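Notes follow once the structure below has been shown.
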Amino acid sequence: MTDEQQEKSAASPRRRLSSEQRREQILNTAEAQVLRSGLQHLTHRGIASELGVTHALVVHYEPDMGALRARVCESLLLAEYDETCARLASVPDAVAGVRELIALMSRPGREEMAAVWLDGWSLGRRHGPAAEVMRQMMDRWQGFVAELVSRGIAAGEFADVDAQACAWEAIALLDGLNAHTLVGYGDRSHYTERVAAPMEARLGLPHGTLALQNSTHYAAH
């Protein structure tokens, strides 16, 4: 088969994609590129080059790059949120749930998702839809942690604290950890303990309770 024939053969299935399939293909490609290179480096030409289609075709389906970046950011952050919720669904109690959450968020190899968070905040400074995505995701996480803390209070596992305020503080700690993770600030082997210690104090738990599973447990995941 000649090069020309191979190109026609490869192009043929792409021409049969529906509009919905094409948009999904573009979104999936954009997500992979963002994880590799960052949200700010996502471009129409970069997506087109990877898909082997024209720049004009990508622009036709996704004319607003700012909107696409916001949607890619939302998709990736939702996927991490859903995966985390699924993993914590089977934990036996609230203490184990908070411990698992800290271990997951401080595990090695999470730099790609930390970068998505930081890129999303940066983009949201001047792009309204991106800012709304970030606010909604932060609300989701705060609600999730607040519910976990409320369960622990009701079960007598935690001190009688303000669950919403405690969740806000926990999210702030994890947000700071995103920044530290991205530039490798401090000793990575201490990340779990650095987040766990203030949470233990806030929840009335003995020191070491939330850092029993260190982040190396998740290194292979």
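Of note:
- Contact map, region 57-82: first residue touching a residue at least 60 places away in the same chain (Cβ under 8 Å), second residue acidic (Asp, Glu) and surrounded by 15 or more Cβ atoms within 10 Å (Cβ to Cβ), Cβ cut-off under 8 Å, separation 6 or more or different chains; pairs are CYS73/ASP119.
- Residues satisfying the stated conditions in region 43-56, i.e. in contact with a Lys or Arg (Cβ under 9 Å, 6 or more places away or on another chain) and free of Cβ contacts under 8 Å to residues at least 24 places away in the same chain: HIS55
- Flag for ALA86 being of a type in the set (Gly, Ala, Ser), part of a helix (DSSP H, G or I) and open to solvent by less than 30 Å² (accessible area, probe 1.4 Å): no
- Taking the criterion of being over 10 Å from the mean Cα position of the chain (by Cα) and either buried (at least 17 other Cβ atoms within 10 Å of the Cβ) or not hydrophobic (A, V, I, L, M, F, W, C) (or both), the residues of region 67-78 that qualify are LEU68, ARG69, ALA70, ARG71, VAL72.
- Only one of the numbered conditions (1) at pLDDT 95 or above; (2) in contact with a Leu (Cβ under 7 Å, 6 or more places away or on another chain) is violated by SER106, and that is (1).
- Pair list, Cβ < 7 Å and 6+ apart or interchain, from region 13-42 residues that are within 13 Å of GLY120 (Cα to Cα) to residues that are open to solvent by 50 Å² or more (accessible area, probe 1.4 Å): LEU35/GLU112
- Of all residues in region 108-136 being in a loop (DSSP other than H, G, I, E, B) and within 13 Å of the chain's Cα centre (by Cα), the one that is surrounded by the most Cβ atoms within 10 Å (Cβ to Cβ): ARG110
- Among the residues listed as TYR61, TYR81, the single one being open to solvent by 20 Å² or more (accessible area, probe 1.4 Å) and over 28 Å from HIS190 (Cβ atoms): TYR61
- Residue match in region 139-156 (condition: over 12 Å from the mean Cα position of the chain (by Cα) and not in a helix (DSSP H, G or I)): yes
- If you check ALA163, ALA155, ALA172, ALA146 for being open to solvent by 40 Å² or more (accessible area, probe 1.4 Å), without any contact (Cβ under 8 Å) to a residue 40 or more places away in the chain and hydrophobic (A, V, I, L, M, F, W, C), only one passes: ALA172.
- Options VAL98, VAL53; residue that is surrounded by 17 or more Cβ atoms within 10 Å (Cβ to Cβ), out of contact with any Asp or Glu (no Cβ under 6 Å at 6 or more places or on another chain) and either part of a loop (DSSP other than H, G, I, E, B) or at pLDDT below 95 (or both): VAL53
- Unmet criterion (only one of (1) touching a helix residue (DSSP H, G or I) at 6+ places or on another chain (Cβ under 8 Å); (2) among the aliphatic types (A, V, I, L, M); (3) part of a helix (DSSP H, G or I)) for ALA159: (3)
The values are calculated or read from the model by the stated rules, or taken from the named source; none is laboratory data. What you see is a predicted model; the values in this text were computed from it and never measured. Quick reminder, even Gly has a Cβ in these numbers, built from the backbone with ideal geometry, and neighbours come from all protein chains shown. Each accessible area value is taken on the protein alone, full model and side chains, heavy atoms only, with ligands, DNA and RNA left out. Shrake-Rupley method; radii C 1.70, N 1.55, O 1.52, S 1.80 Å.
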